[in-house]
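Presented below is the structure to which this report refers.
The values are calculated or read from the model by the stated rules, or taken from the named source; none is laboratory data. Computed from a predicted structure; not experimentally measured. With ideal geometry, Cβ positions are generated from the backbone for all residues, glycine too; neighbour counts draw on all protein chains shown.
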Amino acid sequence: MNKLLASLIATLFVGMASAQTPAPMAPATPAVVKAEAKADKAVTAAVKSEAKVDAKADAKVAKAEAAAAAKTAKADAKAAKAKAKAEAKAAKADAGDQAKANAKAEKTGIKADAKAASTKVDANAKVDAVKVSTGADKANAKLDTNAVKAEVKTDVKAAGSK
């Protein structure tokens, strides 16, 4: 039993050692070297193009977010101004008309808040649309880069088999 176990372990070590030794490489032909250089150049260009698309997309999203923030702030300021104006008008009302004036001021404030909220929703929807669009642009650029990598890999392989 010990001899059998020892021979199995020895076989295992010999198998592992032979699996780790690299197979002899054929010398690179000029066609392979040329194909690899061309492949490296194409991959570098594709990666650079992808990075450019990503940067443009990120800038587009940042610009849309800034515009939405400005639009939202403007809407909030307009609503606050309308509420303040309505409350000031209600404060000036006669004692008999005070309840009616307060109700009208409250109604004006509610309308102003609703309009501001609607503006916020529209601005955020535009930002989301830009994010989706730029996400698609980024994904397409990544796919193009992967396609170039795969194409040059087959070109190098084909040059090696010539």
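Which residues, counting only those in the range 45-62, are exposed (fewer than 12 other Cβ atoms within 10 Å of the Cβ) and basic (Lys, Arg)?
Result: 48, 52.
For the condition under 20 Å from residue 144 (Cβ atoms) and modelled with pLDDT of 90 or more, what is the one hit in 50, 65? Lay out the reasoning, then the answer.
On the way: 65 fails: under 20 Å from residue 144 (Cβ atoms).
Of the residues listed, the single one that is under 20 Å from residue 144 (Cβ atoms) and modelled with pLDDT of 90 or more is 50.
Going by what's in this entry, would residue 50 be described as within 22 Å of residue 115 (Cβ to Cβ) and part of a helix (DSSP H, G or I)? Talk me through it step by step, then tell me what you get.
On the way: within 22 Å of residue 115 (Cβ to Cβ): no; part of a helix (DSSP H, G or I): yes.
Criteria not met by residue 50.
Residue by residue, here is whether (1) farther than 30 Å from residue 62 by Cα; (2) among the hydrophobic types (A, V, I, L, M, F, W, C) holds:
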site: 88; (1), (2): yes, yes
site: 95; (1), (2): yes, yes
site: 100; (1), (2): yes, no
site: 109; (1), (2): yes, no
site: 112; (1), (2): no, yes
site: 118; (1), (2): no, no
site: 121; (1), (2): no, yes
site: 125; (1), (2): no, yes
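Given the criteria surrounded by fewer than 16 Cβ atoms within 10 Å (Cβ to Cβ), free of Cβ contacts under 8 Å to residues at least 60 places away in the same chain and under 32 Å from the mean Cα position of the chain (by Cα), does residue 122 qualify? Give the steps one after another, and end with the answer.
Working: surrounded by fewer than 16 Cβ atoms within 10 Å (Cβ to Cβ): yes; free of Cβ contacts under 8 Å to residues at least 60 places away in the same chain: yes; under 32 Å from the mean Cα position of the chain (by Cα): yes.
Judged against the criteria, residue 122 is a match.
Please go through the range 61-100 and pick out each residue that is basic (Lys, Arg) and under 22 Å from residue 116 (Cα atoms). Outline the logic, then answer.
We begin by selecting, within the range 61-100, every residue basic (Lys, Arg); these are 63, 71, 74, 78, 81, 83, 85, 89, 92, 100.
Matches in the range 61-100: 63, 71, 74, 78, 81, 83, 85, 89.
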